[in-house]
Amino acid sequence: MKQIAVLATNNSISSDLFGLLDFFEYCNVLWQYQQKQQATPLLHCYLVSPDGQPLQLKQGVSLAVQPHRWQEADAIILPPAYAYNRAQLATIAQSSSGYFAELQQAAANGKLIAANCTGTFILAASGLLSHKNATSSWFFKDVFQSLYPDVHLQLNKLLVQDGKLLTAGATTSNANLCLALTEQLVGESFARQIPK
C-alpha cells in the first residue's frame, strides 16, 4: 500500500483536505471493485500537522491527524491555505516551516512532493522550487515572482512536473494533481479510469 501524507496546518482549506482524502478513497473503492474481492487498499492518504496535534480549521472543525513518520511516505502533498494578499501569502510558510528541513530530506530521498494553489508558496518557501519549473494560481503571479524570483513559473500550464516535484494551479486543480500522483504511484492505466 502506497502512503500519501498531507502536510496540513490550521490555516489549510478544508475542502481541499477533504477532497484529497476522498479522492484517494475513491481510488481504493475502484481497486476493490475491480478485484471483486476484499483487496488490500492501494493507497493510504492521511493528514499530519506541524506539531502532531489535531487541526483546528477556520470553520471550527477539529480534525485528527495521524502520528506518522510522514517523511517515509511515498508522496507528500502541501495543500492550499487561506491567503488572499501579499502579507498573508508571505506569512503562510511560517505555519509550515516546521516541515521544511524534513521536506528537504524527503526530496533528497526521491519522494514525490506535490502542491497546488497557495500550497506552492509553501513549497517555494522551503527552497525546493529554487531554479525549478512550477505553476501556481495565476491570480497571485506578481506576488509569487516577487517573493520567489528564482522559481521558473509556467502559469500557462495547469500542472507542471520538474523531477519529483509536482505543482498545480488554483484550488480546483487539485483533482489534476491527484490524477498525476495516482498515475505515478499506481500506473497510467488505473489513473485513466478514475475520471470516468
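Of the residues making up segment 113-135, those that are open to solvent by 10 Å² or more (accessible area, probe 1.4 Å), in contact (Cβ under 8 Å) with a residue 24 or more places away in the chain and of a type outside the set (Gly, Ala, Ser) are Cys117, Leu128, Lys132, Asn133. Considering Gln56, Gln66, Gln88, the condition of being within 30 Å of Phe190 (Cβ to Cβ) and polar (S, T, N, Q) is satisfied by Gln66 alone. Annotation note: of Leu155, Leu177, the sole residue that is of a type outside the set (D, E, K, R) and in contact with a strand residue (DSSP E or B) (Cβ under 8 Å, 6 or more places away or on another chain) is Leu177.
Do you know which of the residues in segment 164-194 that are part of a loop (DSSP other than H, G, I, E, B) and closer than 19 Å to Ser137 by Cα is least open to solvent (accessible area, probe 1.4 Å)? Among residues in segment 164-194 that are part of a loop (DSSP other than H, G, I, E, B) and closer than 19 Å to Ser137 by Cα, the one least open to solvent (accessible area, probe 1.4 Å) is Gly169.
Among the residues making up segment 90-111, those that are closer than 14 Å to Gln71 by Cα, touching a strand residue (DSSP E or B) at 6+ places or on another chain (Cβ under 8 Å) and open to solvent by 30 Å² or more (accessible area, probe 1.4 Å) are Ala107, Lys111.
In the condition set (1) in contact with a helix residue (DSSP H, G or I) (Cβ under 7 Å, 6 or more places away or on another chain); (2) open to solvent by less than 70 Å² (accessible area, probe 1.4 Å); (3) farther than 30 Å from Gln193 by Cα, Gln59 is compliant with all but (2). When segment 136-158 is filtered for residues that are among the aliphatic types (A, V, I, L, M) and assigned to a loop (DSSP other than H, G, I, E, B), the ones remaining, listed by number, are Val151, Leu155, Leu158.
On the stretch given as segment 59-75, residues that are assigned to a strand (DSSP E or B) and within 17 Å of Ala114 (Cα to Cα) total 1.
Residue under question is Val29, and the condition is that it be crowded, with 16+ Cβ neighbours inside 10 Å and hydrophobic (A, V, I, L, M, F, W, C); does it hold? No. Within segment 76-135, the residues that satisfy the criterion of being more than 17 Å from Leu166 (Cβ to Cβ) and assigned to a loop (DSSP other than H, G, I, E, B) are Tyr82, Ala83, Tyr84, Asn85.
The values are calculated or read from the model by the stated rules, or taken from the named source; none is laboratory data. Note that the structure is predicted; figures quoted are calculated from it, not measured. Note: ideal-geometry Cβ built from the backbone for every residue, glycine included; neighbour counts use all protein chains shown. Each accessible area value is taken on the protein alone, full model and side chains, heavy atoms only, with ligands, DNA and RNA left out. Shrake-Rupley method; radii C 1.70, N 1.55, O 1.52, S 1.80 Å.
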